[in-house]
Structures are given as C-alpha cells and as structure tokens.
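To start, the structure under review is shown below, and the notes come after it.
Every number here is computed from the coordinates shown, using simple stated rules; none is lab data. Everything quoted here is computed from the prediction, not taken from an experiment. Glycine gets a Cβ as well: all are built from the backbone with ideal geometry, and neighbour counts include every protein chain shown.
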Amino acid sequence: PETITVGELANRMAERGADLVKALFKMGMPVTVNQSIDQDTAELLVTEFGHNIKRVSDSDVDLITSDDVDAAETLQPRPPVVTIMGHVDHGKTSLLDALRGTDVASGEAGGITQHIGAYQVQVKSGAKITFLDTPGHEAFSEMRARGANITDIVVIVVAGDDGLRPQTIEAISHTRAAGVPMIIAINKMDKPGSNAQRVREALLQHDVQVESMGGDVQEVEVSALKKTGLDELIEKIELQAELLELKANPDRAAEGTVVEATLDKGRGAVATILVGRGTLKVGDIFVVGAESGKVRALIDDKGRNIKEAGPSLPVEILGLSGVPSAGDQLSVVENEARAREVAAYRAGVIHQKRTTAAPASLESMFSALR
Ligand code: GDP
Ligand code: MG
C-alpha cells in the first residue's frame, strides 16, 4: 500500500497517534490520526522517531531500532491505558478504588489489593482497561505531563461541590498538550452541594465543551463514594478506546515504561512496568533507564506471580541492578553484555545531561533518553 493512516503507523511504531500528529504538524502537515500519509512521509516520521527515541549511541543505532516498526499483520488489539487526573481531594483515589471494585476477574475472595500505581480490570463486556494513578504530588506537574505520555485516555475528575480548581485546569492543559482525549467525570454527585451544570459551564470557560453543552468531550456524573455512574464511565472509556483502535505487537522483545520504582527492604529494587509492546517474560534480560537486569519475577496487580506480561499490562518486576526513575524506558535485549553496554551508555548520557544542561526540563531530558 502506498498510504497508511497515522493511527495505523502509530500502532506499528508503538507510539501514540497524538505524538505522530504533533510531529507531522511541526513538519507542516496538519493531519488527524484517521487521515492517510504517503510512504515518504511515513518513512520520514519513522526515522524522526527512531532517531530521537531509540538511538542508543552514535555509532550503534541499529540494534534497538532494527525492528522498530511492527508489520501490520503482527498487530493485535490491546487494552486502553487510562490515567485519572484532577484537583487534590476531588476523589481520584476514591474513583480508582471504586473502578477497581468493578473488576469481574478478581472475584469476591481474591480481593487482596496491594498498592501498585497501576492496575488492570476486566469489565462486564469482557474488555480490559488499564488504570494509572497519577504520581502523588502536585509539585511534579512535569511528571504528570509525562504520565500523560503513556496514557491513551485521561479521565479528569472534578468534584461537583467544588468545581474547577487550579489542578483541574492544569490537568486539562496537560491532557491537551499531550493530544490525548479526555473524559470529564463530575464526582461527589451524592453531595447535596454538588452542581454538575455549574461544572459544565465552568469547563466552557476553559474551552472544554462537553456533550450536553453541544461539544464532543464525553462527560459522566459519578459518585465514587456511592459507586454510581461507574458503568457509564466505563462505557464511555470503552467507546473512546474503540475510536482509537489501539493495537500492539505482542510477539516481540518487550518494551515498556516505568510507572513507579522503589527499593524494597526484602525484595530489593522493584519497578512497576507498563508494557507497551511485546511480551515481557521471566528470564528476559533488559535495560531500563541506566539500570539493567534479568527478570527474576513478574508480579501482577493482584499480587500473583505470573510468567509473562503483554501489551498494556502493568506488572512489577524483580531483578533490577538498581532503582530506575518513573518514565524510564525498558527494553529487552539479547544478552547481558549488551544490557550493560546500553545501560552504561545511558548512565553517561544522564550524567552529562545533569552536569551540562542544567535548565533542561525533565521532559526534554527523558525524551532524549528514550
Ligand atoms: P484525591 O486527592 O483526588 O485522590 O481524593 P480522594 O479520593 O482522596 O478523596 C478526597 C475526599 O473526598 C475523601 O474524604 C473521600 O472520601 C471524599 N470523596 C471522594 N469521592 C467522593 C464522592 O463521590 N462523594 C463524597 N461524598 N465524598 C467523596
Ligand atoms: Mg489521591
């Protein structure tokens, strides 16, 4: 075929469609994810992303980029990754907990929920949705902006009794900047002081036009406390996800992103990885940020040991040489020598960036590392 849609190319590159749209815009081509581009443009885009994102060293670009673009026939549907954002105390954590409670796969007995910054639920329709918790504190607005980079859809929580607040507006602008579709969840509708209409009107002031106001941003009234509106929220997420036609190649060396990482007293360095494409397996040798390792164990969000993790599945990994940073990219490599080499190179880059380019934003530092 001489043309390919931007969305399809994004799936094959395991990048977000919005990122490709942004790159094309910079190249003077305003298109949407559903539009087609010609082969030359597609190749240019691949080089552009390959160069900026996967390059490992000046002399050695190939090893990680060689199979960067997945053939169309290797792609399979993957669950959407949804991030919940909003002002403090508007109910993000409560909503995440409530949504987690809708998981039909976890069952009554197996309700052990360990704290992990990401989890996946199976909804009534049988579909799966991955939810991400936003990094804890508002000081790290940049981290949050990066959080939006691995997310397909953002749910913005607004407390119906409190309305739009600074972090709500910040979340809206981050979501816009990331080019990710948003769904507005007006929360705390059980509270007598809640007024959804006031929220809709305030949103309009910030150029967010929800469906009931004639716009195309999906909205839903919920109560995380009383667990109302959750099914509707899930339906809207599914609808949005369908439009995005999210796919990835599960049958390749895994790549993923660190959602969070800590040093655990008993288990050593532990990182939660969200697999982007490929399948991460016990025994795999990997590089993650400036660290490397061999997967000693994979633990899912229900605390179970699993053997492998495919696209969009968040999973804890053990077997790291040290603690990576949230946002670091994980790539499975062919052997340990290669892992050390890539990790050492990345450590050098990190060091150099830290000592020379002081004012560089976290965002640019990390995009250079990817
Ligand atoms: P976060 O800071 O956005 O994560 O907000 P939390 O989930 O911690 O919620 C902040 C407070 O609002 C807590 O006291 C919750 O119990 C309360 N809350 C959250 N959702 C609801 C809701 O739907 N209704 C009511 N009445 N209270 C809620
Ligand atoms: Mg919270």
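How much FRET efficiency would the formula 1/(1 + (r/R0)^6) give for SER212 and GLU334, where r is the Cβ-Cβ distance and R0 is 56 Å, rounded to 0.05? Each step should come with its number before you reach the end.
Details: r = 54 Å, r/R0 = 0.96.
Given R0 = 56 Å and the Cβ-Cβ separation, E is 0.55.
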field: Protection proxy ranking, peptides 303-312, 262-271, average beta carbon neighbours within 10 Å, highest first
entry: 303-312, 262-271
- request: From zero up to wherever the largest Cα-Cα distance of the stretch 187-316 sits, split into 10 Å bins and tell me the percent of pairs in each.
  value: 11, 28, 22, 23, 15, 1
message: Give the lysines reachable from LYS92 as a straight Cα distance under 18 Å; neighbours fewer than 8 places away on the same chain don't count.
response: LYS188, LYS191, LYS226, LYS227, LYS236
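Want the number for ASP251 to ALA72: 0.36 nm per residue separation, take away the alpha-carbon distance, what's left?
Working: separation 179, 0.36 × 179 = 64.44 nm, distance 1.25 nm.
Stretched out fully, the ASP251 to ALA72 stretch lengthens by 63.2 nm.
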- line: Given a Förster distance of 45 Å, the FRET efficiency implied by the Cβ-Cβ spacing of LYS265 and VAL104, rounded to the nearest 0.05, works out to 0.85
- request: Provide the packing ranking of 234-245, 153-164, i.e. peptides ordered by the mean count of other C-beta atoms within 10 Å per residue, highest first.
  value: 153-164, 234-245
Zero-based 10 Å bins, Cα pair distances in the stretch 253-294, whole percents: 26, 61, 13, 0
Calculated diffusion of the stretch 160-257, Stokes-Einstein form, Kirkwood radius summed over Cα pairs, 4 °C and 1.567 mPa s, µm²/s: 86
